[in-house]
Amino acid sequence: MKSSALTGLLVLALLAPILLVASGGDPRTIWGEFERLVSGDLVAYASNATMPVPFGGDDTGTVLTFSPKRLKCQDAAVKNFSHLVDCILKCHMKKAAALSNEKPFDEEACESMDPVKSCRAKYDKEAAKIFAMICPACLVGNQGAIADDITTKLDNDNQNFFCYP
């Protein structure tokens with residue numbers, strides 16, 4: 001036990017100029033990391049490296065640590081996506097209300113056909129602004145397909161909300 005503690009102390013002394021970051025992304029003091037090393041709980045990355053960290057569990061996706069501009073872009077894209085979903089669901093509710101009141105409502109124009117006011121037009125306009133930021137190519141290239149996929153999924157799942165009997 002003493003030799004592993006001494007080895008850990010020497011390793012940390014050599015790495016003292018580098019801030020060690022625990023696998024959860026929580027900045028720790030060198031002493032705190034030393035205590036975790038002795039107890040066997042230390043998993044650390046050097047702060048001057050960009051490390052891909054998977055979400056884990058049942059979630060797909062990877063985040064690059066120490067890349068706040070990239071994360072800002074990704075967060076903005078997620079927010080834009082959530083607005084698209086919300087907008088499409090509102091179109092479905094408006095269509096249901098129109099059917100219930102025996103009035104016409106162009107649900108497809110609401111979702112995607114109107115080049116200015118539709119959910120898709122608003123999504124595409126905001127996506128163009130987002131991609132002016134520092135964004136990963138994998139995100140930029142997938143936005144159209146992501147929007148198409150969710151539109152189809154929500155249209156197909158509409159029967160689960162507006163069902164009979």
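Laboratory data are not the source of any read-out in this text; all were calculated from the coordinates shown. Keep in mind that what you see is a predicted model, and the values were worked out from it rather than measured. Glycine gets a Cβ as well: all are built from the backbone with ideal geometry, and neighbour counts include every protein chain shown.
How large is log10 of I(q)/I(0) for the stretch 68-161 at q = 0.17, 0.24 Å⁻¹ when the intensity is taken from the Debye formula with one equal scatterer per alpha-carbon? Results for the stretch 68-161 at q = 0.17, 0.24 Å⁻¹ read -0.74, -1.20. Note on residue 103: lysines with a C-alpha under 17 Å away, same-chain residues under 8 apart excluded, are 90, 94, 95.
Across the stretch 106-146, the residues whose backbone nitrogen lies under 19 Å from the label position 7 Å along the beta-carbon direction of residue 97 are 106-112, 117-120. When each of the peptides 97-103, 116-122, 159-165 is scored by the mean number of other C-beta atoms lying within 10 Å of its residues, the order from highest to lowest reads 116-122, 97-103, 159-165. Using the Cβ-Cβ distance between residue 156 and residue 133 with R0 set to 30 Å, the FRET efficiency from 1/(1 + (r/R0)^6) comes to roughly 0.40. In terms of packing, defined here as the mean over residues of other Cβ atoms within 10 angstrom, the peptides 125-134, 68-77 line up highest first as 68-77, 125-134.
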